[in-house]
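For reference, the structure is listed below as structure tokens.
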Amino acid sequence: MLRGFNPNEPHQLSQAYPVADGVDILSGMVISLVADSTYEGGHKWVKGWTAGIPYIAINDWVNGVGAGLGSDADVMEAGKLVGLSSAGQYEIQTPFWAKSDGTLQDAASRGDFVVDAPVGPATTTGYLKVTTLKSGVPIMGYVTRSNGAQYLGPTAVAGESAGNNGHNSSAVAANLHVVTFQTAYSPNPA
């Protein structure tokens, strides 16, 4: 989260619900609420977009620990994950992006994420993709800050841009390439 989120501010467009059984969600993934009366509050989070307004996960929810990933202990203990509505006013940086055909983090598609390009969910993967008007895929917002996926890793890595000596909490090398977008939800019918 780069701008727009104050966890103690009650006027932010966010929701907190349990995550569907057996589903792993990482911070920055697209998530959706689905009705399920067996869950507290009558809804649960699922990965990706199914219908309605897409959300972005603010924390990790991982069932067990694997591949260097772990859950936020407070979130798991509370039993609820916070999702930020794409209808809110946020600027988000996420490593979960895909080529327009759904291929995840395809190097050739880095250049698709140019400033002002509309982004939407890449189906149920939890990833974003560049979309177009009248595609039937909701517009979650528009790319900001940089043209193409930005590399957050250390400088002087062969084949990468200069980097910024940043740190990625997931410790997964593929997640060092991020796209930045500002939320601006539109249903975008076909």
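The values are calculated or read from the model by the stated rules, or taken from the named source; none is laboratory data. These numbers come from a predicted model, not from an experiment. Glycine gets a Cβ as well: all are built from the backbone with ideal geometry, and neighbour counts include every protein chain shown.
Odds and ends about this structure:
- Per the conditions (1) more than 12 Å from the chain's Cα centre (by Cα); (2) at pLDDT below 90, the sole criterion not satisfied by Ala98 is (1).
- Scanning the stretch 60-73 finds no residues that are modelled with pLDDT of 90 or more, in a strand (DSSP E or B) and out of contact with any Asp or Glu (no Cβ under 6 Å at 6 or more places or on another chain).
- Residues in the stretch 37-51 include none that are outside the structural domain of Pro95 (by TED's automatic domain parsing), assigned to a strand (DSSP E or B), at pLDDT below 95 and among the aliphatic types (A, V, I, L, M).
- Asp36 in contact (Cβ under 8 Å) with a residue 12 or more places away in the chain and under 17 Å from the mean Cα position of the chain (by Cα): no
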